[in-house]
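The values are calculated or read from the model by the stated rules, or taken from the named source; none is laboratory data. Owing to the predicted nature of the structure, the values given are computational and were not obtained by experimental measurement. Cβ atoms come from the backbone with ideal geometry, glycine included; neighbour counts cover every protein chain shown. The protein model used for the area step is the full one, side chains on, heavy atoms only, and it has no ligands, DNA or RNA in it. Shrake-Rupley method; radii C 1.70, N 1.55, O 1.52, S 1.80 Å.
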Amino acid sequence: RANPEVRVAVGGGPALPYRAGVMPDDERARWWPVITARHRNYARYQRRTARVIPLVVLEPVAGAAVGDAGPDAVPDAAPGVTG
């Protein structure tokens, strides 16, 4: 959170700049079932811990060329959330 600027490479492509941020609680509540349906290990881990596992959203940095997120990308309604 102190430095949200990150670079991410997907599918062997070039590392592109993004800004990371924790998804707000209301959005997390909507997306958590989607994520845990695809990745059941997150649901198991959440049941075993008292802390809330954050979902991190990656937003492309303005002006950066962002290509296809790949076959595991969650639909466009959740930018930056990938499988």
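Is there any pair with a first residue in region 34-57 that is in contact (Cβ under 8 Å) with a residue 40 or more places away in the chain and of a type in the set (V, I, T) and a second that is surrounded by 11 or more Cβ atoms within 10 Å (Cβ to Cβ) and part of a helix (DSSP H, G or I) whose Cβ atoms are under 9 Å apart and which are 6 or more apart or on different chains, and what are they? The qualifying pairs are I35/Y42; I35/A43. Considering only region 43-51, I want to know if a residue exists there that is assigned to a helix (DSSP H, G or I) and either loosely packed, with under 10 Cβ neighbours inside 10 Å or under 13 Å from the mean Cα position of the chain (by Cα) (or both). Checked region 43-51: at least one residue is assigned to a helix (DSSP H, G or I) and either loosely packed, with under 10 Cβ neighbours inside 10 Å or under 13 Å from the mean Cα position of the chain (by Cα) (or both).
Applying the condition of being in a strand (DSSP E or B) and modelled with pLDDT of 55 or more to region 52-74 and asking which residue is least open to solvent (accessible area, probe 1.4 Å) yields V57.
Considering region 1-42 alone, what residues qualify as being open to solvent by 80 Å² or more (accessible area, probe 1.4 Å), under 19 Å from A62 (Cβ atoms) and assigned to a loop (DSSP other than H, G, I, E, B)? Scanning region 1-42 gives N3, P14.
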